[in-house]
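Chemist: The structure that follows is given in the form of structure tokens.
Read-outs: derived from the displayed coordinates by stated rules, not from any lab. Just so it is clear, the model here is predicted, and its values are computed rather than measured. All Cβ positions, glycine included, derive from the backbone under ideal geometry; neighbour counts span all protein chains shown.
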Amino acid sequence: MKFCSQCGNPVEQRVPEGDNRHRHVCPNCDTIHYINPKIVAGTLPIFEDKILLCRRAIEPRLGYWTLPAGFMEMHETTSQAAIRETWEEAEAKVNLDGLYTMIDVPHIGQVHIFYRATVLNGAFGVGPESLETRLFTEQEIPWEDIAFPTVKHTLRHYLEDRLTETFPVHVKDITFERIKS
Ligand SMILES: [Zn+2]
């Protein structure tokens with residue numbers, strides 16, 4: 001951030017009084033511009049024994065396969081965001097079957113939340129952010145071409161939990177691996 005969104009003045013980085021972190025602060029109107037993590041909400045869309053994946057038409061990870069998910073909009077809930085993203089990316093209407101994974105990714109300032117979902121009537125299409133969409137059996141999942149670690153974890157948990165048909169919520173952190181010197 002270079003300029004204040006309130007008044008257009010250049011911002012400076014400093015620790016505001018009573019705070020303990022550097023923030024973007026406007027010296028003109030005193031607005032403190034907080035930057036906080038973002039929530040990505042999505043679904044694990046199931047039809048019969050298959051999982052619906054989308055091949056990304058946009059960066060990052062263009063051409064790789066993902067579960068439908070995206071940034072929450074203001075004034076919507078995580079479940080609304082998950083349903084909306086599933087429609088936008090895979091043109092699938094879904095019923096949510098419960099919260100499934102919540103994965104913190106602190107080094108990029110994101111929290112990824114996936115709901116288990118049932119694809120209504122097995123109907124889906126290809127949204128503008130996808131190159132193609134497809135239902136995959138377990139054997140067909142393109143593990144080498146999965147876009148994001150959070151998606152891979154969610155898929156792995158599901159395939160394991162499916163064996164016992166118990167689907168507890170999985171909470172996990174994916175932390176940045178520091179290069180050892
Ligand atoms: Zn300002």
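Chemist: Determine the distance separating the Cα centre of the stretch 94-142 from the Cα centre of the stretch 1-36; give it in Å without decimals.
Modeler: 37 Å
Chemist: Apply 1/(1 + (r/R0)^6) to the Cβ-Cβ distance of Thr77 and Asp97, taking R0 = 25 Å, and write down the FRET efficiency to the nearest 0.05. Walk me through the numbers before you get to the answer.
Modeler: Working: r = 16 Å, r/R0 = 0.64.
Given R0 = 25 Å and the Cβ-Cβ separation, E is 0.95.
Chemist: Give the lysines reachable from Lys2 as a straight Cα distance under 25 Å; neighbours fewer than 8 places away on the same chain don't count.
Modeler: Lys38
Chemist: On to the next question. Relative to the first principal axis of the alpha-carbon coordinates of the chain, what is the inclination of helix 149-162, with its axis defined by its Cα atoms, in degrees from 0 to 90 and to the nearest 10?
Modeler: It is inclined by approximately 40 degrees.
Chemist: At 222 nm, what value in deg cm²/dmol follows for the chain if DSSP H runs of at least 4 each add -39500 (n - 2.57) and the sum is divided by all its residues, to the nearest 500? Please list the in-between numbers first.
Modeler: Details: 2 runs with 27 residues, N = 181.
Dividing the helical sum by the residues of the chain leaves -5000 deg cm²/dmol.
Chemist: Cβ under 9 Å from Gly63's Cβ, Gly63 left aside: what net charge do those residues give with Lys, Arg +1 and Asp, Glu -1?
Modeler: Once all neighbours under 9 Å are counted, the net charge is +2.
Chemist: Next up: Go ahead and set up a Gaussian network model of the chain, Cα springs under 10 Å, then flag whichever of Gly42, Gly18, Gly63 fluctuates most.
Modeler: Most flexible of the set in this elastic network: Gly18.
Chemist: If you place +1 on the Cβ of every Lys and Arg and -1 on the Cβ of every Asp and Glu, how big does the dipole about the Cα centre of the chain come out, in debye to the nearest 20?
Modeler: Taking the Cα centre of the chain as origin, the dipole is about 460 debye.
Chemist: What relative contact order, as a whole-number percentage, does the chain give when Cα pairs under 8 Å and 6 or more residues apart are counted?
Modeler: So the answer I get is 22 percent.
Chemist: Taking Cα atoms, how many degrees apart are the long axis of helix 78-90 and the longest axis of the chain, rounded to 10 and kept between 0 and 90?
Modeler: For helix 78-90, the angle is close to 60 degrees.
Chemist: Show which lysines lie in cross-link reach of Lys93 when reach means a straight Cα distance below 21 angstrom and same-chain residues fewer than eight apart are skipped.
Modeler: Lys50
Chemist: Now a separate question. Over the chain, with a Gaussian network built from C-alpha contacts below 10 Å, which listed residue (Arg55, Arg134, Arg23) shows the highest mean-square fluctuation?
Modeler: Comparing Arg55, Arg134, Arg23 in a Gaussian network model of the chain, the most mobile one is Arg23.
Chemist: With springs connecting C-alpha atoms under 10 Å apart, model the chain as a Gaussian network and identify which of Glu17, Glu138, Glu89 has the largest mean-square fluctuation.
Modeler: Evaluated over the chain, the most mobile residue of the options is Glu17.
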